[in-house]
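The values are calculated or read from the model by the stated rules, or taken from the named source; none is laboratory data. Not measured: the values here are computed from a predicted model. Here the Cβ is made from the backbone with ideal geometry for all residues, glycine too, and neighbour counts use every protein chain on show. Note: areas computed on protein heavy atoms with side chains; ligands, DNA, RNA excluded. Shrake-Rupley method; radii C 1.70, N 1.55, O 1.52, S 1.80 Å.
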Amino acid sequence: MSETAPTLREFFAAWELFRDPSLTGAFAGMMLGMMGVYVVLRRMVFLAATVSHAASFGVAGSYFLGLGTVGWIGSFAPILGALTMTFLTLWLIASDTSHEQHRRDSLLGFVFLACSAGTLVVGTRIVEEIQDIESILFGTAVAVLPSDFRLMTLLAILILLIHVWGWRGFSAVSFDRTGAVVRGLPVRGLEFTLFIGLGVGLAVSTRVLGALPTFAFTVLPALAAVNVAPNVRVCLIVAASLGAISGFGGYLLAFLFEFPVGATQTLVGAAFASITWLFGHRHSH
Amino acid sequence: MTTKSEELNAPCLICENLRIGWGATPLLPEINFSVSSGSVWVLVGRNGSGKSTLLQTLLGVLKPLAGQCSLDSGSSLAHVPQRGNYDLCVPARSWDMVEAGVDRGWDFWRWGGRSERVRHALDAVGAADLARQPFSHLSEGQKQRVLMARAMASHPDVMLLDEPTSAMDPMAEKAIFRVIDDLRTDRSLAVIIASHSLTVVPAIATHVVFLDRDDQVVIAGDRAAVLADPRFQARYGTVFSEEES
């Protein structure tokens, strides 16, 4: 740490510099926190971990192949790499129709380990100086590109709007699928929209912030919300709010105490989950 | 103009030459029956006899292998799942549970306008006082009432219940039978119940579908006729002869 610790005043004095990365964390936290409610309540936590690591491998792979320097496609290559690996993983899991939990878990474990190891191995050969392996995996970067900030903002707003209007449908297909079929809801369309939103959200967040904070935003705010919320609607609002606070607050704390950003954002989320677990109605009852 | 008895006898769900199963091979012989408003059909049979498969087919979750199962135009179904199938990790009060059952089709996009239907549905099953209580804290009988209210919230003509009284004490079971009978008589609701417990039959059944996969038997019809059928009696004896019930 430096001799004089940074202050809150210094943070806001340099707001122009910190605005994009701190708000990117807030938007990603809000978006993934809200969708994380479905991940946590449908017991898909390991899927989210696997997808975020597969997306990391996609980002690392695009740099390894040198696509980041190829003309106009260069700026999109990491996002495309993340999206490709995300949807490849989701397709692989969906194509396993055995309905055997141990088979699915084994498949997820395989993809998780192969992609994590692949990212580490490929990461040692990445030539771009700005893309070190730590920022891809753990989200240690303190700055984000303006184009990444705009992309995250647009995506978060779009997903928020879709969920504000469609949460009853997403909730119905997630927690009472047979009932939704019987009542004639567009079940396949709703499931498709939910998973596409989640896949794109995970891929973009992994590219911009790193795998660790992405996974943390998808799990911890939702865990905290489930501990205190009386119903799914409140759960979604609380999870989105805590996700946004984790993203922004984590960045701020990382600045003030000179901690790594992604890890600090994760710890803020973990603190919310711990506090609500201790004092929430589910634990106390 | 139709009279009350004509209205009660109008078929709202018809199964014709229906063959059911999970693969290409049908589980049972052809099934034929038609469900009228105000009747209670009980699907009975041992574990693995095909009750759940028939229920899934009636619900539209499984496609028939042959024949058809058709709803009268304008009629609608509602499903009451087994209580144990609901994941209690999902936070919900009784009110929220019932509200989740209101929407049909694309209605889930609609803002507001559900409160009245939730209130009526809870009243219909005598669960108005449970509205603010967390679903996971309710007794088995109370949970069953709330799940029935959820089904009622979408204004169905036919309600299909899967094992509604399993793991229930006799008093709670009796209370649920009373609610089902009230819905049948007061609201002309047609009810189909899948149950491995035969206590449902004398309590509320007007009609019975007996399924036996081992002997490839399906008997469907009026309760007295099914209970008197030698093939039913060969499996269950005469425990439910009409004199006893």
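Would you check if there is a residue in the range A:170-193 being more than 9 Å from the chain's Cα centre (by Cα) and away from chain B (no Cβ under 14 Å)? Scanning the range A:170-193 turns up at least one residue that is more than 9 Å from the chain's Cα centre (by Cα) and away from chain B (no Cβ under 14 Å). B:Trp41 falls short on exactly one of the conditions (1) hydrophobic (A, V, I, L, M, F, W, C); (2) under 22 Å from A:Arg183 (Cα atoms); (3) within 12 Å of another protein chain (Cβ to nearest Cβ), and that condition is (3). Out of the residues in the range B:44-77 meeting the condition of being away from chain A (no Cβ under 13 Å) and in contact with a Pro (Cβ under 8 Å, 6 or more places away or on another chain), tell me which one is least open to solvent (accessible area, probe 1.4 Å). Going through the qualifying residues, I end up with B:Ala66. Per the conditions (1) modelled with pLDDT of 95 or more; (2) in a helix (DSSP H, G or I), the sole criterion not satisfied by B:Leu160 is (2). Condition test on B:Arg150, is it at the interface with chain A (Cβ under 8 Å from one of its Cβ atoms), of a type in the set (Lys, Arg) and not in a loop (DSSP other than H, G, I, E, B)? Answer is yes for this residue. Within the set A:Phe175, A:Phe192, the sole residue that is of a type in the set (Phe, Trp, Tyr) and either touching a Leu at 6+ places or on another chain (Cβ under 8 Å) or touching a residue at least 12 places away in the same chain (Cβ under 8 Å) (or both) turns out to be A:Phe175.
For the range A:267-277, the criterion of being modelled with pLDDT under 95 and within 14 Å of another protein chain (Cβ to nearest Cβ) is satisfied by at least one residue.
The number of residues in the range B:170-186 that are surrounded by 16 or more Cβ atoms within 10 Å (Cβ to Cβ) and more than 20 Å from B:Ser139 (Cα to Cα) comes to 2. Could you check, for the range B:114-128, whether at least one of its residues is open to solvent by less than 50 Å² (accessible area, probe 1.4 Å), more than 10 Å from every other protein chain (Cβ to nearest Cβ), over 25 Å from B:Ser75 (Cα atoms) and over 22 Å from the mean Cα position of the chain (by Cα)? No, because not a single residue in the range B:114-128 is open to solvent by less than 50 Å² (accessible area, probe 1.4 Å), more than 10 Å from every other protein chain (Cβ to nearest Cβ), over 25 Å from B:Ser75 (Cα atoms) and over 22 Å from the mean Cα position of the chain (by Cα).
Scan the range B:78-92 for residues that are more than 17 Å from B:Ala131 (Cα to Cα), at the interface with chain A (Cβ under 8 Å from one of its Cβ atoms) and small (Gly, Ala, Ser) and the total you get is 1.
Residues of the range B:165-192 that are within 14 Å of the chain's Cα centre (by Cα), in a loop (DSSP other than H, G, I, E, B) and hydrophobic (A, V, I, L, M, F, W, C): B:Leu189 alone. When restricted to residues that are touching a Pro at 6+ places or on another chain (Cβ under 7 Å), open to solvent by less than 10 Å² (accessible area, probe 1.4 Å) and away from chain B (no Cβ under 14 Å), the range A:194-239 contains 0.
Looking across the range B:192-241, just one residue is small (Gly, Ala, Ser), without any contact (Cβ under 8 Å) to a residue 60 or more places away in the chain and in contact with a helix residue (DSSP H, G or I) (Cβ under 6 Å, 6 or more places away or on another chain), and that is B:Ala203.
Per-residue answers, yes or no, for (1) part of a strand (DSSP E or B); (2) of a type in the set (Asp, Glu); (3) over 14 Å from B:Leu160 (Cα atoms):
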| position | (1), (2), (3) |
| --- | --- |
| B:Asn32 | yes, no, yes |
| B:Gly38 | no, no, no |
| B:Val42 | yes, no, no |
| B:Gly48 | no, no, yes |
| B:Leu54 | no, no, no |
| B:Thr57 | no, no, no |
| B:Val61 | no, no, no |
| B:Gly67 | yes, no, yes |
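Exactly one residue out of B:Trp95, B:Trp111 is part of a loop (DSSP other than H, G, I, E, B) and at the interface with another protein chain (Cβ under 9 Å from one of its Cβ atoms), and it is B:Trp111.
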